[in-house]
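Enquirer: I have a structure here, written as structure tokens, and I will follow up with some questions on it.
What follows is calculated from the coordinates using simple rules that are stated; it is not laboratory data. Computed from a prediction, not measured in an experiment: that's the story for all the values here. Cβ atoms come from the backbone with ideal geometry, glycine included; neighbour counts cover every protein chain shown.
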């Protein structure tokens with residue numbers, strides 16, 4: 001897999017531009033610099049959603065997490081498929097997270113959680129569907145929701161709608177325009193804010 005990525009900016013409400021999105025090359029050294037600038041100036045939760053295949057989504061989340069962490073931000077990656085298996089979805093606390101792929105990166109939910117000193121639980125807050133994400137937003141600068149393909153797992157669209165924005169991972173040469181437009185519509189109809197796409201080029 002090539003480390004070359006590009007950001008496809010959302011075309012807004014103009015349908016003619018949505019079918020032929022403008023490709024903006026990624027920075028040569030920091031692959032996700034433009035995406036980070038656009039989406040992570042303040043604490044944000046962003047859903048990273050694969051189209052047609054889950055391959056590449058975890059790698060995109062890890063790459064984003066590493067670059068965000070290098071800039072001093074605290075990052076948590078949430079594997080949404082694992083999250084949706086929780087019944088009910090509980091509010092995370094300071095013992096529920098596992099250290100991740102780099103310093104300043106954590107993973108939740110995790111069965112191997114360890115106490116982390118900076119985390120402030122919000123269990124005293126009123127119960128509600130968004131509390132798990134609110135708790136993560138309060139404790140981390142960036143929340144990356146690693147989402148499976150929309151067609152394969154029930155509830156992904158609802159989780160993506162809870163985030164501040166959703167980004168589609170598109171495989172160059174493999175993902176059809178029809179599939180991109182179909183998933184865009186599904187996310188938007190589900191209430192998600194579509195921020196754009198990441199073009200994943202393969203050698």
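Enquirer: Under a point spin-label approximation (7 Å from Cα along Cα-to-Cβ), what is the residue 42-residue 201 distance to one decimal in nm?
Expert: Going from the residue 42 label point to the residue 201 one covers 3.5 nm.
Enquirer: So if R0 is 41 Å, what FRET efficiency would residue 151 and residue 118 give, r being the distance between their Cβ atoms, rounded to the nearest 0.05? Present the calculation step by step, with values, prior to reporting the outcome.
Expert: Values: r = 38 Å, r/R0 = 0.92.
That pair, residue 151 with residue 118, gives E of 0.60.
Enquirer: When you count, for each residue, the other Cβ atoms within 10 Å and take the mean per peptide, how do 152-165, 84-97 rank with the highest first? Display every interim value, and only then the final one.
Expert: Working: 152-165: 18.1, 84-97: 15.0.
Averaged packing, sorted descending, gives the order 152-165, 84-97.
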